[in-house]
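The structure under discussion appears below in the form of structure tokens.
The values are calculated or read from the model by the stated rules, or taken from the named source; none is laboratory data. All figures in this text were calculated on a predicted structure; none of them were measured in a lab. Because the Cβ atoms are built from the backbone with ideal geometry, glycine has one as well, and the counts that use them run over all protein chains shown.
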Amino acid sequence: MHQSVFQTLADPMRFRIVEALLSGEHAVNEIVEKVDIHQSGVSRHLKLLKEVGFVSVRTDGQKRVYALRPEPFQEIDAWVAGYRKFWEARLDRFEEALNRKQVNK
């Protein structure tokens, strides 16, 4: 797991941009409207998101259209899966203990 994935999403504005792109492709001006910051700030964050691999960009006439890429999210999901197994095992043991307690009543 690359630490930069979490560092990238730790910035509240980049997180908001990622959330805005969850609904699909958007041009920069559409993202500006959704996150309510200046175009220069959105462009700076999009540049970093592209460098880290969170977004792809394509040209549509005069516009640059951005979309989320699945790879960083798959990486996060794989990392979380290891912890999910840990917690699921603990929750399963907790459930078994509760069931034993119900039977002994």
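Could you tell me whether any residue of region 75-95 is outside the structural domain of A10 (by TED's automatic domain parsing) and either within 16 Å of E19 (Cα to Cα) or at pLDDT 95 or above (or both)? So far as region 75-95 goes, yes, one or more of its residues are outside the structural domain of A10 (by TED's automatic domain parsing) and either within 16 Å of E19 (Cα to Cα) or at pLDDT 95 or above (or both). When the criteria are applied in full, I31 fails the requirement of being assigned by TED's automatic domain parsing to the domain that holds V5 and either in contact with a Gly (Cβ under 9 Å, 6 or more places away or on another chain) or modelled with pLDDT under 95 (or both). Mind listing whichever residues of region 59-76 are closer than 23 Å to M13 by Cβ, within 17 Å of the chain's Cα centre (by Cα) and without any contact (Cβ under 8 Å) to a residue 40 or more places away in the chain? R69, P70, E71, F73 - these are the residues of region 59-76 that are closer than 23 Å to M13 by Cβ, within 17 Å of the chain's Cα centre (by Cα) and without any contact (Cβ under 8 Å) to a residue 40 or more places away in the chain.
Would it be correct to say that L98 is touching a strand residue (DSSP E or B) at 6+ places or on another chain (Cβ under 8 Å) and loosely packed, with under 11 Cβ neighbours inside 10 Å?
Details: touching a strand residue (DSSP E or B) at 6+ places or on another chain (Cβ under 8 Å): no; loosely packed, with under 11 Cβ neighbours inside 10 Å: yes.
Spelling it out, it is not the case that L98 is touching a strand residue (DSSP E or B) at 6+ places or on another chain (Cβ under 8 Å) and loosely packed, with under 11 Cβ neighbours inside 10 Å.
Looking only at residues of region 29-58 that are in contact (Cβ under 8 Å) with a residue 40 or more places away in the chain, outside any loop (DSSP other than H, G, I, E, B) and under 14 Å from the mean Cα position of the chain (by Cα), we find that the one that is surrounded by the fewest Cβ atoms within 10 Å (Cβ to Cβ) is V52.
Look at region 1-13: where a residue is surrounded by 13 or more Cβ atoms within 10 Å (Cβ to Cβ) and a partner is of a type in the set (F, W, Y) and at pLDDT 90 or above, sitting 6+ places away or on another chain with Cβ atoms under 6 Å, you get L9/F15.
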